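Shown next, in C-alpha cells, is the structure this report addresses.
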Amino acid sequence: MATGTTLSAAISLGAPLGRLAILSAILIVLPLSFPNPFFFDVAVKVGLSAIVCVGLNLLSGYAGQISLGHAGFFALGAYGTALLSIKLGVHGLIAAPVIATVVGLLAHVIARPILKLKGHYLAMATLGLGIIISIVLNREIWLTGGPDGLSVPAMRLGEFKLRAIEFWYWIVAAFLIVAVWLAENLVNSPAGRSLRALHSSEIAAATAGVDVPRAKALVFAFSAVLASIAGAFFVFAERFITPADAGFLRSVEFLTMIVFGGLGSTYGALVGAAILTALPQLVAAFAEYKHVAIGIVLIATMIFMPRGIVPTLADLFGRRVGR
Amino acid sequence: MLADFAQFTASGLTRGAIYALVGMGFAIIYNASNIINFAQGEFVMLGGMLTAFLFTTTGLLPIWLAVPVAIAAATIAGVAFYRLAIEPAQRAGLATLIIITIGGSVLLRGIVEVTLGKREFVFPAFSGESNVQVLGASIASQSLWVLGTLAIVAALLWWFFEKTLFGKAMRATAQSPLAAQLVGIETRHVLLVSFALAAALGALGGVLTTPITLTRYDIGIMLGLKGFAATMLGGLGNPFGALAGGLVLGLVEAFTGGYVSSGYQDAIAFLLILTVLMVRPGGLFGRVAMDRV
Amino acid sequence: MTSSIVRLRLEPMIAPQPSHRLLEIRNLSRAFGGVKAVNDVSFVVTAGRIHALIGPNGAGKTTLFNLVAGVVRPSAGQVLLDERDVTDLPTAERAQAGLQRTFQNLQTFSELTALESVMVGAHLRSEPSFLKALFNTPAIRQANAEARDRAEMLLQRVGLDTFRDSRSDAMPYGALKRLDIARALAAEPKLLLMDEPAAGLNPAETATMRDLIADIALQGVTVLLVEHDMKLVMSIAETIVVLDQGQKLAEGTPDEIRRSPEVIRAYLGGGIRRRRS
Ligand SMILES: Nc1ncnc2c1ncn2[C@@H]1O[C@H](COP(=O)(O)OP(=O)(O)O)[C@@H](O)[C@H]1O
Ligand SMILES: [Mg+2]
C-alpha cells in the first residue's frame, strides 16, 4: 500500500506535467520487475484497457454520459485493422489510423441521436449498439472467423517481424502517455470545461453558450477513436481476437474500471484499469472462483468507496497534508 | 403459410412471456427506487436451476414442491441482494448503481457456477411432452402453462397495484417517497417488497420455461438485457408497459427468426429498441420527464 | 407598497438608442397538457433599463423565460432578439446573440469550482475547438488565461472571491445565486433575464442583491427581472409587465401598476406571496 500512498500524493499535489512525468517514470521502471514475458503480456493488456478507459472516462466520468458499449469500438478497431491487413494487404501502420478515423466518424454520426438520450435510456442504447456489433462479429463467420476468433500474422517492418511482446509494451506505454496527455489537456480547456458543465446541467451549459449536442458528439467520437486504436494495438500485440472482446461484459468491465478508479479522474481510470485487468490474470489460481470474487469486489468497492479509489485516497491524503 | 404464422406467433408469445416477466421485475424495482437492476435475469436462472437441482438431479422433492421452494429461495436471494448490496448504497450515482447490480449478477452467476456447475439443467414439462394443434401449428403444452401463468400473474399484479394501498404506494415511491410515508408505508419496506416481487417473477419465469429452453448458469445475462429492453420498449417504470414490451419483443424475434434469419434473432431485440428510442425517447408507452428550471 | 418608496433613477453608462427594441415577444403561447402556461403574450423590452415581470405563482413567468431562452418551444408566437427572429434558434445560439439568464431552480455545475463555473460563461467568446484543446495550443492557453482573469474579476464583483476554488456543494444558497449571476455576466450579455434572484434570501442579502442588479444595469446590461419582492421590484424597475394565468394583465410604470384595478384584484385574489422557498 506504500506505493499507493506515494502515488496518490503525487496525484493530488502534482501539476499536470509533473503527473505525466511520474507516469512515464513508472512505465519505464516497471519492466525491471518483470520476471518473464507473461508479465509484459499482462502489462500490455493493462495498458490497452487503460487507453480505452482514459477515453471512456472523458465521456462518462467528465461529461457524465454513460456508455455500456465501448467494447464495440475496441472490437471495430481490432477487427477492422486485422481484416484490412489480412484481406487487402494494407500495412498495419496504415490500417490502424484509417480504421480509427472511420470508427471516429461513425461514432460521431451515431452520437447525435444516441446522446439525446439520458441516464438509463442512454445506457440501453449504447448497450444495444455494443451487442449488435458483437453479434455481427459472431455471425459473419466468412469474414471474422466467428466465435473461434481471428488470427493475425505478426506485423512486419521491412525484414523484421514484430512479435516480441516486450516491443509492444514500449509502444503501448508510449501511446498511453500520449492519450493521458491529450485527455488532461482537454479537461483543462474551454471544451473540457464545457463537458464537465453539461454533466450536471445541460440547460445551464446551453445557456452559457455551450453547443451541447456538438460537445457530446465530439467527446463520444474521441473516446471511440481511442478505443479503436487500443483495439488495433491489441491485434498487433496479441495477434488474436475473438468476439468476446467486443461483448457486453467487456463493455461493463471498461465502465467498471473507471468507476472503480474514480469517475472524472484520468489517473483513476489508469488505476482502475490496472487493478481490474491485472488481478484476474495474476491470480489464475482463483480461476474457479473468479466470478464470485469479481462480484464481491465490485459490490464492496462501490459501497465503501462510491467515488472510486483515487479520489478517495487523494482526499484522505490531502486532508492529512492540510492539517 | 397460416400454420407457419401460427407457429411463430405461439413461440413468439412464449418467448415474450419470459421477457415480460423479467421486464415487469425491472419496472417494479425502477418504480420503487429508480434503479435498473441488471441482476434481474439471474433470478430466472436461479428459478430454473434450483427446481432442476431439487427435482431432477437430487430427487429431493417432488416437482410440485420443488417449484415453490425454488421460487422462495430465489426470492430470498433477491431480498438478500437488496439488503446487502443495494440498501447500503442507496444514494450512489447512476453508474455506481449499475455496477453494483452487475456485480450482483456476476456474483449470483458465480455462486451457481461453483456449486451446481456449468452443464445444462432441465426437468420435464408439467403436463408431459404433449402438443396441442391450433391452426395447423403444434404448440407445446408447456407454452400454454407459460401463457396461462403470465395471464394470471398479470391479473394479480394489476389487482395489487390498483386495488391495494400498499400496491398503490409502491407505484409512486420513487417519484414521491413522501406520499408513501403519508399513508404510513415505509420506503424501506416498499423497496424490500419490490426486490422480492421482482425476484419471484423472474424465478417463476425460469421455472416455466426451463422445460422448453433448458437452463444453464449463464443464461441470465442475455435474459436480463432482453428484459431491460422490454421494459424500455414499454416505457420505463410501467409494469404493464413492460408486459406489452416483452410480448412485442418475443413476437418480433420469433418472426425475424422464422422469416428472415435465425442468426440475428438476438440482435433484432436491440435493433428494435435502438430504433424506438431514436423515434420515441421515452419508449412506446412512456414519456421522458422534462427538467424544470 | 406605499408611495414613500424612493425610486432610483439609473443612468446607464452606455446610452442606448432611445426605444431600441432589444427583446420583442409577439403573441407567445405555450401549454403543458391542459394548462395554458403562457397564453398569447406580447410585450417589448427596450434597451438600457431594468424591466420587471411579476405575477402570482404559476402565472407563467418562468415558462416565458424558458421560451425566450429557447429551453421550451412555443406553440405559437415569436421571440425577437435585437430585432432578429430567434424563435427557432437553439439556446446556445441565443447566448451568442447576447442573451443570458439566471435560474429560479438553481442550475449549478457541480463538477466545477466556482471559478471554473464562471469560466464556462466566459468561454462563449473563446476558442471552442476540440482538436486544439487536445493539443493545448497557444490559442487554448490564451483563452484559458483570459477566461480565468474575467472569472476572477467577476467573482470579486459578486463578492465570491473567498469561494474561488469551492464546489457548489460547499457553498451556501445565497452564494450560489450570485455565482449564477457571475456565470451569466461572464458571457457579456446585452439582455439578462433574472428569475427570482432574491427568493430565499434574507433582508440583508436581498439588499445586496438589489444593489448588484442596479449595478449590472448601470454597466449597460438590460435586465428583465422576475421577482416576488414588491419593494425591490418597485424600487428599481422602470417598467413592469404583470402576468396572471398565462396572460398579460397590465403593463406600465410602477406607479401605473400600483394603481391598476386589475392588478389589485389579482394581487388580493390570487395572493402574490412575497417569498417562495
Ligand atoms: N415543464 C413543465 N411541464 C408541465 N407543466 C409545466 C412545466 N413548466 C411549467 N408548467 C406549468 O405551467 C404553469 C406556469 O408555471 P411557471 O411558468 O413555472 O410559473 P411561475 O414561474 O410564474 O410561477 C404552472 O401551472 C406550471 O405547473
Ligand atoms: Mg417561476
Inset, instruction - Could you run through segment A:211-268 and say how many residues are open to solvent by 10 Å² or more (accessible area, probe 1.4 Å) and at positive phi? - result: 2
Legend entry - Sole residue being more than 10 Å from chain A (Cβ to nearest Cβ) and surrounded by fewer than 20 Cβ atoms within 10 Å (Cβ to Cβ), chosen from B:I111, B:I29, B:I76: B:I76
Legend entry - Subset of segment A:145-170 (residues that are open to solvent by less than 70 Å² (accessible area, probe 1.4 Å) and either small (G, A, S) or touching a Ser or Thr at 6+ places or on another chain (Cβ under 9 Å) (or both)): A:G145, A:G146, A:G149, A:L150, A:V152, A:A154, A:M155, A:G158, A:A164
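For the structure I just gave you, tell me whether C:R94 is touching a residue at least 24 places away in the same chain (Cβ under 8 Å), within 16 Å of ligand 2 (Cβ to nearest atom) and among the basic types (K, R). Steps first, answer last, please.
Numbers: touching a residue at least 24 places away in the same chain (Cβ under 8 Å): yes; within 16 Å of ligand 2 (Cβ to nearest atom): no; among the basic types (K, R): yes.
Answer is no for this residue.
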Inset, instruction - Taking C:T208 as meeting all but one of (1) open to solvent by less than 10 Å² (accessible area, probe 1.4 Å); (2) outside the structural domain of C:R125 (by TED's automatic domain parsing), write down the number of the exception. - result: (1)
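Just to be sure, is A:I135 touching a Gly at 6+ places or on another chain (Cβ under 6 Å) and either more than 21 Å from B:A229 (Cβ to Cβ) or of a type in the set (A, V, I, L, M, F, W, C) (or both)? Full working, then the answer.
Working: touching a Gly at 6+ places or on another chain (Cβ under 6 Å): no; either more than 21 Å from B:A229 (Cβ to Cβ) or of a type in the set (A, V, I, L, M, F, W, C) (or both): yes.
Considered against the rule, which asks whether it is touching a Gly at 6+ places or on another chain (Cβ under 6 Å) and either more than 21 Å from B:A229 (Cβ to Cβ) or of a type in the set (A, V, I, L, M, F, W, C) (or both), A:I135 comes out as no.
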Inset, instruction - Give segment A:106-120 a look and list any residue that's open to solvent by less than 40 Å² (accessible area, probe 1.4 Å) and facing chain B (nearest Cβ under 7 Å), or say none. - result: A:L117, A:G119, A:H120
Inset, instruction - Give just the number: which of (1) open to solvent by 20 Å² or more (accessible area, probe 1.4 Å); (2) closer than 30 Å to B:L13 by Cα; (3) part of a helix (DSSP H, G or I) does B:I139 not satisfy? - result: (3)
Legend entry - Given (1) without any contact (Cβ under 8 Å) to a residue 60 or more places away in the chain; (2) over 26 Å from B:V193 (Cβ atoms), number of the condition B:P88 does not satisfy: (2)
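Could you tell me whether B:L201 is touching a residue at least 40 places away in the same chain (Cβ under 8 Å), more than 14 Å from chain A (Cβ to nearest Cβ), closer than 21 Å to B:T51 by Cβ and not basic (K, R)? Spell out the reasoning first.
Working: touching a residue at least 40 places away in the same chain (Cβ under 8 Å): yes; more than 14 Å from chain A (Cβ to nearest Cβ): yes; closer than 21 Å to B:T51 by Cβ: yes; not basic (K, R): yes.
Answer is yes for this residue.
Any residue at all in segment C:69-80 that is outside the structural domain of C:L124 (by TED's automatic domain parsing), within 16 Å of ligand 2 (Cβ to nearest atom) and not in a loop (DSSP other than H, G, I, E, B)?
yes
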Inset, instruction - Would you be able to say whether some residue in segment A:129-146 is outside any helix (DSSP H, G or I) and farther than 30 Å from B:G93 by Cα? - result: yes
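Taking the conditions exactly as written (assigned to a helix (DSSP H, G or I) and within 14 Å of chain B (Cβ to nearest Cβ)), does A:A123 satisfy them or not? Reasoning before the result, please.
Working: assigned to a helix (DSSP H, G or I): yes; within 14 Å of chain B (Cβ to nearest Cβ): yes.
Judged against the criteria, A:A123 is a match.
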Legend entry - Qualifying residue in segment C:51-74 (condition: more than 15 Å from ligand 1 (Cβ to nearest atom) and either touching a strand residue (DSSP E or B) at 6+ places or on another chain (Cβ under 9 Å) or on the phi > 0 side of the Ramachandran plot (or both)): yes
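Residues of segment B:254-283 being crowded, with 16+ Cβ neighbours inside 10 Å and assigned to a loop (DSSP other than H, G, I, E, B), which ones? First the steps, then the outcome.
Filtering segment B:254-283 down to residues crowded, with 16+ Cβ neighbours inside 10 Å leaves B:254-258, B:264-274, B:276-277, B:281-283.
Across segment B:254-283, the qualifying residues are B:P281, B:G282, B:G283.
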Legend entry - Residue tally, condition away from every other protein chain (no Cβ under 14 Å) and either aliphatic (A, V, I, L, M) or within 16 Å of ligand 2 (Cβ to nearest atom) (or both), over segment C:206-228: 14
Legend entry - Search result, residues across segment C:190-208 that are away from ligand 1 (no atom under 13 Å from the Cβ) and part of a loop (DSSP other than H, G, I, E, B): C:K190, C:P197, C:A198, C:G200, C:L201, C:N202
Legend entry - Pairs, first over 19 Å from C:V44 (Cβ atoms) and within 14 Å of chain A (Cβ to nearest Cβ) in segment C:65-86, second within 16 Å of ligand 2 (Cβ to nearest atom) and open to solvent by 30 Å² or more (accessible area, probe 1.4 Å), C-beta under 7 Å, six or more apart: C:V71/A:I203; C:V72/C:R30
Inset, instruction - Take segment C:127-171 and flag every residue that is within 21 Å of the chain's Cα centre (by Cα), part of a helix (DSSP H, G or I) and surrounded by fewer than 15 Cβ atoms within 10 Å (Cβ to Cβ). - result: C:Q156
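Of the residues B:A169, B:A92, B:A151, which single one is away from chain A (no Cβ under 14 Å), in contact with a helix residue (DSSP H, G or I) (Cβ under 9 Å, 6 or more places away or on another chain) and under 28 Å from B:G241 (Cα atoms)? So that I can check it myself, show each step before the final result.
Values: B:A92 fails: away from chain A (no Cβ under 14 Å); B:A151 fails: in contact with a helix residue (DSSP H, G or I) (Cβ under 9 Å, 6 or more places away or on another chain).
Step by step, each of B:A169, B:A92, B:A151 is checked, and only B:A169 is away from chain A (no Cβ under 14 Å), in contact with a helix residue (DSSP H, G or I) (Cβ under 9 Å, 6 or more places away or on another chain) and under 28 Å from B:G241 (Cα atoms).
Just to be sure, is C:R49 away from ligand 2 (no atom under 13 Å from the Cβ), within 14 Å of chain A (Cβ to nearest Cβ), open to solvent by 20 Å² or more (accessible area, probe 1.4 Å) and touching a residue at least 40 places away in the same chain (Cβ under 8 Å)?
So C:R49 fails the test.
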Inset, instruction - Count, please, the residues in segment B:211-240 that happen to be surrounded by fewer than 24 Cβ atoms within 10 Å (Cβ to Cβ), at pLDDT 90 or above and over 17 Å from B:M49 (Cβ atoms). - result: 1
Legend entry - Residue check for C:E24: open to solvent by 50 Å² or more (accessible area, probe 1.4 Å) and more than 16 Å from ligand 1 (Cβ to nearest atom): no
Legend entry - Hits in segment A:14-32 (condition: at pLDDT 90 or above and within 12 Å of A:L270 (Cβ to Cβ)): A:L20, A:I22, A:L23, A:I26, A:L27
Inset, instruction - For segment C:27-34, state whether one or more residues are outside any loop (DSSP other than H, G, I, E, B), more than 15 Å from ligand 1 (Cβ to nearest atom) and at pLDDT 95 or above. - result: yes
Inset, instruction - Output the residues belonging to segment B:8-21 that are out of contact with any Leu (no Cβ under 6 Å at 6 or more places or on another chain) and crowded, with 23+ Cβ neighbours inside 10 Å. - result: B:T14, B:R15, B:I18
Inset, instruction - Answer yes if at least one residue in segment C:97-104 is away from ligand 1 (no atom under 16 Å from the Cβ), within 21 Å of A:P213 (Cα to Cα), modelled with pLDDT of 95 or more and of a type in the set (D, E, K, R), and no otherwise. - result: no
Inset, instruction - Please specify each residue of segment B:250-269 satisfying the condition of being touching a residue at least 24 places away in the same chain (Cβ under 8 Å) and within 12 Å of another protein chain (Cβ to nearest Cβ). - result: B:D266, B:A269
Legend entry - Among the candidates C:L106, C:L124, C:L185, C:L176, residue that is open to solvent by less than 20 Å² (accessible area, probe 1.4 Å), touching a residue at least 24 places away in the same chain (Cβ under 8 Å) and more than 8 Å from chain A (Cβ to nearest Cβ): C:L185
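The values are calculated or read from the model by the stated rules, or taken from the named source; none is laboratory data. Note that the coordinates shown come from a computational prediction; the quantities given were computed from them, not determined experimentally. Heads up, the Cβs are rebuilt from the backbone with ideal geometry, glycines too, and the neighbour counts pull from every protein chain shown. What goes into the accessible areas is simple: the full protein's heavy atoms, side chains included, and nothing from ligands, DNA or RNA. Shrake-Rupley method; radii C 1.70, N 1.55, O 1.52, S 1.80 Å.
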